[in-house]
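One structure is given below, encoded as structure tokens.
Read-outs throughout are calculated quantities, based only on the coordinates presented, and are distinct from any laboratory measurement. This structure is a prediction, so every number in the text was calculated from the model and none was measured. Ideal geometry is used to build each Cβ from the backbone, glycine not excepted, and the neighbour counts take in all protein chains shown.
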Amino acid sequence: AQSVAQPEDQVNVAEGNPLTVKCTYSVSGNPYLFWYVQYPNRGLQFLLKYITGDNLVKGSYGFEAEFNKSQTSFHLKKPSALVSDSALYFCAVRANTGGFKTIFGAGTRLFVKA
Amino acid sequence: SAVISQKPSRDICQRGTSLTIQCQVDSQVTMMFWYRQQPGQSLTLIATANQGSEATYESGFVIDKFPISRPNLTFSTLTVSNMSPEDSSIYLCSVDSGGSSYNEQFFGPGTRLTVL
């Protein structure tokens, strides 16, 4: 069965510092990996995805993520955090295992302090 | 990108009653997904709704409790039946981008349900 782990409930970072939100996954077959963001009282928004190709993928709002097959990880990164990045971040995986269901991680709350 | 609207945006209901949530997409899509999210927590897939066929429910969710309609390629409803306080949650409608299962999903703004 496929699964996603986000080991940190919360990440705190100062504005201007780099940020990393961690994600590891378990899936049989080729994974399709995604990051979504949820701002307070708003729906989920797509940030970026890895399907195939270059392991480093770039997405919206200056975010990027690196796919590491050997470590089964897909950590979200940003070189310089903004206060407005404070939100709830979800890692998700899709795989062709009896249907392309999306499995979401538990979520990581990012706090960026001014 | 798909634009998804949901009605109502929020509601407060009495236990034992039912609420029907509507989801409208601005383009035709094959599959629509219904999720439940406790505030600040992860999403749980309730069911997948294909037009013209019965919805496929995930473990722990049954049709009698969460009946779904999918009358056409742009619309779906989810009913939460015989509600209890445990059903208090945010209900989200979602579709695949470009109609592909390899792509990201678009989400509606959600329906915040409180059951008293």
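Could you name the aspartates and glutamates in cross-link range of A:LYS69, using Cα to Cα under 14 Å and dropping any fewer than eight places away on the same chain?
Counting by Cα, and skipping residues close in sequence, A:LYS69 has these aspartates and glutamates nearby: A:ASP54.
Computed from the mean reciprocal separation of all distinct C-alpha pairs, what Kirkwood hydrodynamic radius does the protein assembly as shown have, in Å? Spell out each step's value before the answer.
Working: mean 1/r = 0.0548 Å⁻¹.
Result for the protein assembly as shown stands at 18.2 Å.
I want to check the label-to-label distance for A:PHE100 and A:LYS113. Put each point 7 Å from Cα in the C-beta direction and report it in nm to one decimal.
4.2
Please work out the C-alpha center-to-center distance from the stretch A:1-41 to the stretch B:64-78 and express it in whole Å.
What the calculation gives is 31 Å, centre to centre.
If you wrap a convex hull around the C-alpha atoms of chain B and split its volume per residue, what is the figure in Å³? All intermediate terms of the calculation are to be shown ahead of the outcome.
Working: hull volume 11.3 nm³, N = 116.
Spread over its residues, the Cα hull of chain B gives 97 Å³ apiece.
Shape call for the stretch B:9-69 from the C-alpha gyration tensor, a ≥ b ≥ c root eigenvalues: rounded (a/c under 1.5), prolate (a/b greater than b/c) or oblate?
Details: a/c = 1.43, a/b = 1.37, b/c = 1.04.
It comes out rounded by the Cα gyration axes.
So, counting K/R as plus one and D/E as minus one, what does the shell of residues with Cβ under 12 Å around A:TYR89 add up to?
Numbers: positive: A:LYS22, A:LYS77, A:LYS78, A:ARG109; negative: A:GLU8, A:ASP9, A:ASP85.
Net charge around A:TYR89: +1.
What nm value, rounded to one decimal, do you get for the distance between A:GLN71 and A:ALA14 when each label is placed 7 Å out toward the C-beta?
According to this spin-label approximation, the distance is 2.5 nm.
Could you tell me which of the pairs A:LYS22/A:LYS77; A:LYS49/A:LYS101; A:LYS58/A:LYS113; A:LYS22/A:LYS101; A:LYS101/B:LYS7; A:LYS78/A:LYS113 are separated by over 18 angstrom between their Cα atoms in the structure shown? Mind showing how you got there, number by number?
Numbers: A:LYS22/A:LYS77 9 Å; A:LYS49/A:LYS101 15 Å; A:LYS58/A:LYS113 24 Å; A:LYS22/A:LYS101 21 Å; A:LYS101/B:LYS7 24 Å; A:LYS78/A:LYS113 15 Å.
Pairs exceeding the cut-off: A:LYS58/A:LYS113; A:LYS22/A:LYS101; A:LYS101/B:LYS7.
Using R₀ = 25 Å, calculate the FRET efficiency as 1/(1 + (r/R₀)^6) where r is the Cβ-Cβ separation of B:CYS13 and B:GLN41; round to 0.05. The partial results should precede the final answer.
Numbers: r = 21 Å, r/R0 = 0.83.
My answer for the efficiency is 0.75.
Taking the stretch A:17-83, which trypsin sites (Lys or Arg not before Pro) meet the DSSP loop condition and have no more than 13 other C-beta atoms within 10 Å? Don't skip to the end; give the middle numbers.
On the way: sites: A:LYS22, A:ARG42, A:LYS49, A:LYS58, A:LYS69, A:LYS77; in loops: A:LYS22, A:ARG42, A:LYS69.
Answer by residue number: A:ARG42, A:LYS69.
May I ask for the net charge around B:GLN38, where only other residues with Cβ less than 13 Å from the Cβ of B:GLN38 are counted and Lys, Arg are +1 while Asp, Glu are -1? Working shown, then result.
Details: positive: B:ARG36, B:ARG112; negative: B:GLU86, B:ASP87.
Net of charged neighbours comes to 0.
So which GluC sites (Glu not before Pro) in the stretch B:37-88 are both in a DSSP loop and have at most 12 other Cβ atoms within 10 Å of their Cβ?
Numbers: sites: B:GLU54, B:GLU58, B:GLU86; in loops: B:GLU54, B:GLU58.
Here the sparse-neighbourhood loop sites are B:GLU54.
Over chain A, what is the percentage of antiparallel beta bridges among all DSSP beta bridges, to the nearest 5? Don't skip to the answer; put the middle values down first.
Details: 34 of 39 bridges.
The antiparallel fraction comes to roughly 85 percent.
Whole-Hz ³J(HN,Hα) for each residue in the stretch A:72-87, computed from phi via Karplus 6.51 cos²θ - 1.76 cosθ + 1.60 with θ = phi - 60°, x for glycine and proline: what do you get?
These are the phi-based 3J(HN,Hα) values: 6, 10, 8, 6, 8, 9, 8, x, 9, 6, 10, 4, 5, 7, 4, 5 Hz.
DSSP beta bridges in the protein assembly as shown, what fraction antiparallel, as a percent rounded to 5? Before the final figure, lay out each step's value.
On the way: 68 of 77 bridges.
Antiparallel bridges make up about 90 percent of those DSSP assigns within the protein assembly as shown.
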